[in-house]
Amino acid sequence: MAPALRRFDEEDEEEEEEVPSPITRAPSPESDETAGDGHVDIDPARAEKYHTAQALWNGDGNTHQDGKQAVAILSELREGSDIVAAYAAYLLGEIFLMGTPRSTSSSKSVRRDSRAAFQSFEEAVTKIFEIEEKTKSVKKDDVLPVAGPALHYLSFFHGTGFEGVTPRDETTAYRLTQIAAKRGHGPAWLSLGFKNMYGIGVKSDCEEALSLYKQAAWARQQGGAGAGTPIGESERLSKALVGALSQVQDKTDRQFEVMNYWESQAKGGDPAAMYELGKLHEDGAGGGAGRADSARKAAELYENAGEQGVAAAYIDLGVMYLNGNGVEKDQRKALECFKKAADMGEAQAQNLMGYLKLSSKDYEEARAYFEAAALQEWPESLFYLGEMELTGITENQKGMAAGRRPQLSPTEVEGLKRALRFYERAGDGGYVIAWWREAQLWESPSNPFGRDCWKATAAYKAVAEAGAAGADIRKGVQLFVNGDVDSAMTLFLVAGEEGFEVAQYNAAWVARERKGKIGGSPEWVDIALRGFSRSAMQGNAESLYEVGMIKKKVLKDLQGAYEDFQLAFRKGAMRAVLPLASFLESGKVPGVPRDLEKAEVVLRTYGESAKAELLQSRASALLSASSIAKLRKNLIFAFRMAKLRLHKILVGAGRRKLELS
């Protein structure tokens, strides 16, 4: 670690400063010109050069991306000792860490160089501390906020031992993350919360994790990012997802072919085709005299599709009436469209009608619509049902928030429990505000069902990770689909250090799929085992199965693999069935005796599992065959027959799922 980092580390212990709100992007050098009573001089010509380099790197506006030219300009700027030099060093670190996309011309591309990236981030931090040392009157937390991101990246290198640049050191990584968080860097707050929650580089402390995630969640809510789309299964890498995204990209490139296809189907009277064609016209892809003609055509197609039973078409038509897009603005007609869709059983329309009725204080009808949509697990309706359950105990709720134990009647207690269940279901559906409510209820020491630090922390974590916070994971998925595997892996590893479970899984999945070194990094086993282990730590049973497979096949740790398969099976990972049953049948695991009865029970449990609905009929045939063999007292034959047939079933299920998807 650079001496400047150690010096600031010591100084930071002495100064108790108010922690600022997290930010996710460092401003440009010009915004740092003054802070408090201090002054930082900036050479306008050097600042202009920096912005030119930024534009060349990002390909902003009319500037085409040229990584080599950007590096040349920044390398010249970094030689100084001013704020521009610090920013230039930091941006060079980002460029060397990621490199240019594969599609970039070789004459303008920059190869990834993790060692140069690490040195650039260290140099940026050193320059910042030197400037602060000279400018005593400037508040450290306000001037040069680029220090936060630079420190955070250094923490990433130390925490992962990325590509062998520096030895892995979780304690140093934690301390650097602390300093980055004090500098107001949002991702550092997430990383600190995760490390405290699971005891990484520091002793596990749920209360500290709760406090950190709550602050990060509050910052997201205040910035409007908390209501964004959460990271979920749509960003979890799999062969099926990669194939599907490749097809989507293909279809985008063939937009007019798609248009022609839906037009031909719509002419044949297909209502679903009319709806799809309407969507294309509404998006402006329909040629004609312009967007106005396309919007009018979309409205006609939606109306025709709705009349033939496509409920979603009525929703889009209603929105067009609300906005006056392609039709005359008419709120009454919009409401009629929404009601038609709701009466046809469309959950989105039922939810919308519920909201409109709630706004007009027609609570009975609002509840009826919300309950109808909730039967289809519509998240927003579930949330509003939770809110309605709390109506009438508002004063008691205020008492809970103030830490006073409320005097609730048995009926009110049941209402509060129902509200919590609604919030949990809405949160499971990705409705971020519901997680906030859930966190508040679990955090309160006065709620009637008991405070739960772990559940409250997990809920605040979900809020903090929503919206823009997960943008790099989505970018990583797209980079991977485009074939830029090394850059995708880097983004997943960085986000994984910030506690994003999907990123941890994705990094491990990429490493496992490649089964080799990732751009000169440590062996794939280390990356895969670390990623899957942390994903499993956060409750992913499939990752626990993957850990077991690595221990079994690569590390030859049969006892560890058996324990992982057993726990994964209990948590619902059905892929753990075969290896677990195989261990029980073989008796080769140290300390685990051969147990054919238990092996068959494992297989039977799988066949009866609700998660095996797709295979139910074929699984029942398997079990009956095994039962007959058991009656003949030939358990070995029964097990082998069940194992063989179950393997065929799993293979068949995989094929069927791919066909269905």
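The values are calculated or read from the model by the stated rules, or taken from the named source; none is laboratory data. Just so you know, these numbers come straight off a predicted model, no measurement behind them. Backbone-built Cβ (ideal geometry, glycine too); neighbour counts: all protein chains shown. These accessible areas exclude ligands, DNA and RNA; they are computed on the full protein's heavy atoms, side chains included. Shrake-Rupley method; radii C 1.70, N 1.55, O 1.52, S 1.80 Å.
The trypsin sites (Lys or Arg not before Pro) of the range 474-569 meeting both criteria, a DSSP state outside H, G, I, E and B (loop) and at most 10 other C-beta atoms within 10 angstrom of the site's C-beta, are K556. Placing pseudo-labels 7 Å out from each Cα toward the beta carbon at R451 and S211 gives an inter-label distance of 1.3 nm.
Measuring against 29 Å, Cα to Cα, the residue pairs K203/K455; K297/K340; K333/K417; K279/K361; K239/K588; K203/K553 contain K333/K417; K279/K361; K239/K588; K203/K553 as the ones spanning a longer distance. For K329 and Q407, the FRET efficiency from 1/(1 + (r/R0)^6), where r spans their Cβ atoms and R0 equals 45 Å, is about 0.35.
To the nearest 10, the accessible area of L317 is 10 Å² with a 1.4 Å probe. Taken along the Cα-to-beta-carbon direction at a fixed 7 Å, the label points for E133 and E377 span 5.8 nm. On full extension, the segment bounded by A272 and E79 gains 63.2 nm, given 0.36 nm per residue less the C-alpha separation. Taking Cα centroids, how far is the range 163-218 from the range 442-482 in Å? Here the two parts' Cα centres lie 15 Å apart.
Sequence-ordered 3J(HN,Hα) estimates for the range 547-558 from the Karplus curve with 6.51, -1.76 and 1.60 and θ = phi - 60° stand at 4, x, 5, 5, 5, 6, 7, 9, 8, 6, 9, 5 Hz, glycine and proline given as x.
Between N482 and Q308, the distance separating the two model label sites (each 7 Å from Cα on the Cα→Cβ line) works out to 3.9 nm.
Please list S238, S106 from largest to smallest accessible area, probe radius 1.4 Å, with all protein chains kept in place.
S106, S238
When all protein chains stay in place and ligands, DNA and RNA are ignored, the 1.4 Å accessible-area order of S381, S359, S586, largest first, is S359, S586, S381. Accessible area per residue was computed with a 1.4 Å probe on protein heavy atoms; D595 scores about 50 Å². In a fully extended conformation the segment linking S204 and T229 would gain 6.1 nm over its present Cα-Cα distance, using 0.36 nm per residue.
Summarising the amide proton neighbourhood of H185: residues at separation of 5 or more, or on other chains, whose placed amide H is nearer than 5 Å comprise I23. Here A240 and R474 are evaluated by their C-beta separation; at R0 = 22 Å the FRET efficiency comes out at 0.80.
Once neighbouring chains are kept in place and the probe is 1.4 Å, which whole percent of the accessible area of the range 171-231 is contributed by carbon and sulfur?
On the way: 1050 of 2100 Å².
So the carbon and sulfur contribution to the accessible surface is 50 percent.
Sorted by packing (mean other beta-carbon atoms within 10 Å per residue), highest first, where do 461-469, 537-545 land?
Working: 461-469: 24.9, 537-545: 19.9.
Averaged packing, sorted descending, gives the order 461-469, 537-545.
For the range 540-590 and the range 336-395, compute the distance between their C-alpha centroids and round to whole Å. Measuring centre to centre over Cα atoms gives 45 Å. Rolling a 1.4 Å probe across all protein chains gives D484 an accessible area of roughly 20 Å².
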